[in-house]
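Peer 1: Let me begin by handing over the structure; questions about it come next.
The values are calculated or read from the model by the stated rules, or taken from the named source; none is laboratory data. Just so it is clear, the structure is predicted and the values come from calculations on it, not from any experiment. Cβ sites come from the backbone with ideal geometry, for glycine too, and all protein chains shown count toward neighbours. For the accessible areas, the whole protein counts, side chains as well, though only heavy atoms, and no ligand, DNA or RNA atoms are used. Shrake-Rupley method; radii C 1.70, N 1.55, O 1.52, S 1.80 Å.
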Amino acid sequence: MENRRCRPLSCTSVVHLILLGLLLLFALRASAADINIGVLALRGPDKARAMWSATAEYLDRALPGDTFHIVPLGFEEVRLAVRQGSVDFVLTNSAYYVELETLYGVSAVATLRNRFDDTGYSVFGGVIFTRADRNDIRRIQDLRQKTFAAVNASSFGGWQAAWLEMKHQGLNPEKDCRLGFETTHDQVVYAVRDGKADAGTVRTDTLERMAAEGKIRLSDFYVLNQQHVEGFPMLLSTPLYPEWPMAKLEKVPDDLAIKVAVALMQMPPESPAARAAMIKGWTLPHNYQSVREAMRELRTGPYESLRRPVLQDVLAEYGRWLVLALAVVVAALSTLAYVGQINRRLRQKQQALRELNATLEERVQSRTGEVLHLLDREHFLRGIVEMVADVNQILITANSKEEMLKACCDRLVAHEDYRFSWVGLLQDGELNVAARSYGSAEFMRNLLKNDAQATSRDALRENRTVLESDGEIAADLREAGVKALIVLPLRRDAYAEALGTLCVLTGREEGFDREEVAMLEQLAGDIGFAVHSFGQRLQTRQLEQDRISNYEETILSLVDMIEKRDTYTAGHTRRVAQYCELIAARLGLPAEEVEQLKRAAILHDIGKIVIPDAVLLKPGQLTPLEYDLIKQHAEVGYRTLIRIDMYKELAEIMRYHHEREDGSGYPQGLKDGQIPRLSQIMAVADAFDAMTTNRIYKPRKTVVVALEELRGLAGDHYDADIVAAACEALRDVEPPPVADQLPKTLLERQRFAYFFDDQLTGVHNASYLQFMLRNGLPSSYRLGYIVYLHHFSAVNAAQGWAAGNRMLADFAGQLLAAYPDTLVFRIMGDDFILLSARSQEIDAAGLEALPALADSGVAIEVGMV
């Protein structure tokens with residue numbers, strides 16, 4: 001028999017067979033149903049819906065009759081949803097997939113290709129990072145005894161990948177670090193950024209995406225154990241593992257799973273679903289063996305039972321401690337034997353000691369009385385020291401002078417011996433009560449009517465401490481239990497004049513002793529310094545407020561000067577600020593960020609102060625060189641404000657308001673992910689106002705047309721989310737009134753004179769006539785007349801060009817005087833066109849008789865235009 005060899009199938013034939021089989025399976029499933037896709041919401045449920053709802057819609061279209069729903073699930077909810085069968089498919093991290101495959105029989109149908117830098121990647125890993133300014137953490141080994149933040153114990157990219165890498169480098173984070181979990185990747189990043197954790201770990205692409213969203217700056221972080229894998233551009237600290245799979249539950253029919261798999265793998269990389277999910281589509285399911293091996297080594301998920309200790313583990317972990325415990329037991333037994341011998345000797349000595357103690361009893365009783373006296377005094381002085389310390393704490397933390405003095409008085413009388421205290425301050429030459437401790441009003445009246453106030457005035461006048469004992473104070477104070485009072489001057493320093501007094505009344509039988517007076521004098525000095533400091537603080541605050549106000553007035557004056565230079569863009573900055581506020585509110589930005597954006601918008605064109613009038617006020621298209629000059633205003637404005645502390649943050653925002661998502665903007669050509677979020681909002685607001693504002697060289701667009709144009713530029717020039725918010729927030733705004741093209745103010749007339757007036761005759765030139773015809777004449781000017789000057793070349797030939805120019809200029813002035821309510825244009829060298837709102841009787845003979853043309857031989861012809 002002939003030996004015939006089977007011919008192998010080509011790749012194309014295999015694909016055809018697979019597709020044919022898929023089509024046959026599709027035909028087997030005709031019923032439609034609601035299909036739930038559980039998604040691990042690693043950045044929160046709202047973010048999960050925003051990313052994956054478009055995928056559900058895509059599957060709705062790809063599989064008509066079936067309706068797909070996205071179900072965001074927390075880390076602890078994924079197992080429950082699969083176990084209960086409340087979802088049909090699950091999109092989760094690789095570790096969860098391995099666990100669910102082992103425990104519940106789920107199976108992968110596709111693996112996603114993560115979008116980054118406009119490329120798809122079906123692998124990922126973990127990033128271990130700290131703050132860039134943490135110079136004490138540069139290696140994984142530096143994390144010992146540090147606080148470490150991760151996403152969740154079940155998160156593979158957000159914890160387990162980093163855990164395994166740290167273990168391979170000799171660090172056990174569960175024992176060697178203070179480990180904490182933050183629920184979402186964003187929270188881990190914020191915890192490290194804000195100093196709540198020394199370091200942390202998230203899955204690859206988290207830092208880059210948060211930076212692209214304007215939430216963080218990559219330069220603020222340092223990546224530990226950074227890996228560089230060819231073809232993988234994201235920050236990385238661990239080996240790479242297969243990306244998230246889309247897996248089906250066991251209850252899902254195979255034909256439905258195949259339909260979903262085919263639809264996902266046919267998803268165009270640039271489809272709305274792929275862009276919303278920030279992926280480049282899907283690919284065949286990967287081999288997740290590397291994930292399974294990592295989990296087995298870590299003893300997590302389905303391998304958690306391996307964590308139960310066995311004898312070898314116990315010996316390896318606690319062997320040295322067991323040996324030490326055995327040694328302790330042996331030593332204890334030896335000690336007991338030795339103690340037995342000692343006890344026998346002690347019994348022999350006890351009798352001798354009893355005899356000695358009898359003689360010592362009398363001496364002990366004597367010394368006990370002395371010690372008790374010393375203890376009482378120590379207790380008293382300790383109370384004074386604690387009181388002084390508490391008052392000094394009040395001086396440091398108080399927010400107002402009145403609050404500080406009242407708290408000081410109340411703390412003084414909290415001492416068990418003090419009955420009352422009050423502070424008097426000198427105001428307009430009079431000593432007035434500024435604060436007093438709690439107590440009855442009657443007690444205060446008795447205090448103020450006796451000579452205690454007089455004593456205070458003496459202390460103030462003589463600038464010294466005054467002390468009155470039991471025999472010197474008033475009877476009503478003695479009846480209230482007061483044994484002595486002390487008045488101490490309050491001074492800003494030891495050599496200054498007194499600015500008030502502190503009065504303290506004590507009920508201690510011995511009155512005030514020397515150490516107590518010394519501490520109270522020191523305390524009065526501290527209170528006097530604090531009172532003086534509050535006064536200085538108020539003055540300093542006022543000076544700072546004046547300085548800020550001066551800055552504000554100066555900067556706003558510059559903004560006003562810029563707008564007054566160009567009346568056609570008057571109000572531009574304030575409108576941009578208004579539009580920024582509306583867009584930011586639509587995006588749900590915090591109130592403080594909205595206010596910051598508004599202030600930056602007011603200043604965003606301040607750099608135009610250096611642009612020459614010839615360029616800034618030009619009523620026509622700019623040349624490339626002129627446009628380069630205009631583009632300098634963003635950087636000039638930034639450098640003007642960055643040197644002022646209160647404007648530094650605003651300067652950063654306004655610097656980038658002309659940057660574009662595709663890198664075509666200026667001054668630095670930043671791209672998507674590099675432009676600050678607030679600058680992106682300002683760019684949209686600035687463009688919208690430019691479109692809807694009338695310019696002399698360009699008519700304005702309606703709000704509807706302007707918003708439609710912005711939609712067309714979304715993603716290329718402007719952030720798509722911000723454009724969508726702007727289309728909602730700005731659709732009902734009222735743009736400024738339309739202005740015609742004629743000069744009205746002195747500034748506008750000067751500008752027209754520069755650009756649109758004939759330099760010889762002073763009437764308008766032909767360029768302005770062409771401009772008006774191109775953009776539409778004002779409604780009031782609808783009649784046109786042309787005045788031809790025949791034989792004028794003979795004047796130039798006979799009398800010279802200078803004489804001819806003077807005659808032409810004189811004729812133009814007399815023509816304006818003769819017809820003052822017309823617009824006059826010089827054309828073709830020696831001809832004129834007149835525009836009028838009403839019919840004019842323009843007599844050629846009368847014009848020839850004007851003094852400028854008398855006896856010149858020039859003939860006039862008048863016609864209608």
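Peer 1: For segment 236-266, which residues satisfy the criterion of being open to solvent by less than 20 Å² (accessible area, probe 1.4 Å) and over 18 Å from Val90 (Cα atoms)?
Peer 2: If the condition is that a residue be open to solvent by less than 20 Å² (accessible area, probe 1.4 Å) and over 18 Å from Val90 (Cα atoms), then Leu236, Ser237, Thr238, Tyr241 are the ones that fit.
Peer 1: Suppose we filter segment 153-203 for residues that are open to solvent by 50 Å² or more (accessible area, probe 1.4 Å) and of a type in the set (Ser, Thr, Tyr); how many remain?
Peer 2: 2
Peer 1: Asp470 is checked against (1) surrounded by fewer than 20 Cβ atoms within 10 Å (Cβ to Cβ); (2) within 55 Å of the chain's Cα centre (by Cα); (3) not aromatic (Phe, Trp, Tyr) and fails just one. What number does that condition carry?
Peer 2: Failing condition for Asp470: (2).
Peer 1: Looking at Leu448, Leu460, which one is loosely packed, with under 15 Cβ neighbours inside 10 Å, at pLDDT below 80 and assigned to a helix (DSSP H, G or I)?
Peer 2: Selected residue: Leu448, the only one of Leu448, Leu460 that is loosely packed, with under 15 Cβ neighbours inside 10 Å, at pLDDT below 80 and assigned to a helix (DSSP H, G or I).
Peer 1: What number goes with the only condition from (1) open to solvent by 40 Å² or more (accessible area, probe 1.4 Å); (2) of a type in the set (A, V, I, L, M, F, W, C); (3) in contact with a Phe, Trp or Tyr (Cβ under 9 Å, 6 or more places away or on another chain) that Ala132 does not pass?
Peer 2: Ala132 satisfies every listed condition except (1).
Peer 1: Would you point out which residue out of Trp159, Trp163 is in contact with a Pro (Cβ under 7 Å, 6 or more places away or on another chain) and either part of a helix (DSSP H, G or I) or modelled with pLDDT under 95 (or both)?
Peer 2: Result of the check over Trp159, Trp163: Trp163.
Peer 1: Got a number for residues in segment 640-668 being without any contact (Cβ under 8 Å) to a residue 12 or more places away in the chain and either over 30 Å from Met278 (Cα atoms) or within 22 Å of the chain's Cα centre (by Cα) (or both)?
Peer 2: The number of residues fulfilling the criteria is 4.
Peer 1: Do we find a residue being of a type outside the set (Ser, Thr, Tyr), part of a strand (DSSP E or B) and at pLDDT 85 or above anywhere in segment 521-534?
Peer 2: no
Peer 1: Still on this structure, please answer the following. Please determine whether any residue of segment 512-522 is touching a strand residue (DSSP E or B) at 6+ places or on another chain (Cβ under 9 Å), charged (D, E, K, R), within 17 Å of Ala434 (Cβ to Cβ) and open to solvent by 60 Å² or more (accessible area, probe 1.4 Å).
Peer 2: Checked against the condition, which is being touching a strand residue (DSSP E or B) at 6+ places or on another chain (Cβ under 9 Å), charged (D, E, K, R), within 17 Å of Ala434 (Cβ to Cβ) and open to solvent by 60 Å² or more (accessible area, probe 1.4 Å), segment 512-522 yields no hits at all.
Peer 1: Show the residue pairs that are 6+ apart or on different chains and have beta-carbon atoms under 8 Å apart, the first residue being within segment 830-857 and without any contact (Cβ under 8 Å) to a residue 12 or more places away in the chain and within 18 Å of Leu808 (Cα to Cα), the second being hydrophobic (A, V, I, L, M, F, W, C) and surrounded by 20 or more Cβ atoms within 10 Å (Cβ to Cβ).
Peer 2: Between residues of segment 830-857 that are without any contact (Cβ under 8 Å) to a residue 12 or more places away in the chain and within 18 Å of Leu808 (Cα to Cα) and residues that are hydrophobic (A, V, I, L, M, F, W, C) and surrounded by 20 or more Cβ atoms within 10 Å (Cβ to Cβ), there is no close pair.
Peer 1: Also: Does any residue of segment 222-238 turn out to be in contact (Cβ under 8 Å) with a residue 60 or more places away in the chain, closer than 25 Å to Val109 by Cβ and assigned to a loop (DSSP other than H, G, I, E, B)?
Peer 2: yes
Peer 1: Among the residues of segment 4-25, are any of a type outside the set (S, T, N, Q), open to solvent by less than 20 Å² (accessible area, probe 1.4 Å) and either over 20 Å from Pro285 (Cα atoms) or at pLDDT below 90 (or both)?
Peer 2: No, every residue in segment 4-25 fails to be of a type outside the set (S, T, N, Q), open to solvent by less than 20 Å² (accessible area, probe 1.4 Å) and either over 20 Å from Pro285 (Cα atoms) or at pLDDT below 90 (or both).
Peer 1: Would a scan of segment 272-286 turn up a residue that is buried (at least 17 other Cβ atoms within 10 Å of the Cβ), in contact with a Pro (Cβ under 9 Å, 6 or more places away or on another chain) and aromatic (Phe, Trp, Tyr)?
Peer 2: Taking every residue of segment 272-286 in turn, none turns out to be buried (at least 17 other Cβ atoms within 10 Å of the Cβ), in contact with a Pro (Cβ under 9 Å, 6 or more places away or on another chain) and aromatic (Phe, Trp, Tyr).
Peer 1: Please go through (1) open to solvent by less than 50 Å² (accessible area, probe 1.4 Å); (2) within 27 Å of Leu207 (Cα to Cα); (3) hydroxyl-bearing (Ser, Thr, Tyr) for Thr119 and return the number of the only condition it doesn't satisfy.
Peer 2: (1)
Peer 1: Please identify the pairs in which a residue from segment 271-295 that is under 15 Å from Phe124 (Cα atoms) has its Cβ atom under 7 Å from the Cβ atom of a residue that is surrounded by 15 or more Cβ atoms within 10 Å (Cβ to Cβ) and among the aromatic types (Phe, Trp, Tyr), counting only partners at least 6 apart or on another chain.
Peer 2: That search, which allows pairs on different chains as well, returns Tyr288/Tyr97; Ser290/Tyr241; Val291/Phe156; Val291/Tyr241.
Peer 1: Go through (1) in contact (Cβ under 8 Å) with a residue 40 or more places away in the chain; (2) within 25 Å of Ala41 (Cβ to Cβ); (3) of a type in the set (Gly, Ala, Ser) for Gly180 and report which single condition fails.
Peer 2: Result: Gly180 passes all but (1).
Here is a yes/no grid of residues against (1) under 25 Å from Glu293 (Cβ atoms); (2) at pLDDT below 95:
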position	(1), (2)
Gly65	no, yes
Phe68	no, no
Gly85	no, yes
Glu99	yes, yes
Thr102	yes, yes
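Peer 1: Could you look through segment 183-233, keep only residues that are polar (S, T, N, Q) and modelled with pLDDT under 90, and pick out the one that is farthest from the chain's Cα centre (by Cα)?
Peer 2: Thr183
Peer 1: Are there strands (runs of 3 or more DSSP E) fully within segment 463-515 with at least 1 residues that are among the charged types (D, E, K, R)? List them.
Peer 2: 466-468
Peer 1: For segment 584-668, give me every one of the helices (runs of 4 or more DSSP H) that falls completely inside it and has 2 or more residues that are open to solvent by 60 Å² or more (accessible area, probe 1.4 Å) and at pLDDT 80 or above.
Peer 2: 591-602, 624-641, 648-655
Peer 1: In segment 670-707, which residues are open to solvent by 30 Å² or more (accessible area, probe 1.4 Å), at pLDDT 90 or above and within 30 Å of the chain's Cα centre (by Cα)?
Peer 2: Within segment 670-707, Gln674, Pro676, Arg677 meet the criteria.
Peer 1: Let me ask something additional. How many residues are open to solvent by less than 40 Å² (accessible area, probe 1.4 Å) and in a strand (DSSP E or B) if we restrict to segment 804-833?
Peer 2: Residues that pass the stated criteria total 7.
Peer 1: Output the residue which, of all residues in segment 86-106 that are in a helix (DSSP H, G or I) and charged (D, E, K, R), is least open to solvent (accessible area, probe 1.4 Å).
Peer 2: Within segment 86-106, the first condition is being in a helix (DSSP H, G or I), and the residues that meet it are 94-104.
Next, only the ones that are charged (D, E, K, R) stay: 99, 101.
Details: Glu99: 18, Glu101: 60 Å².
Checking each candidate, the answer is Glu99.
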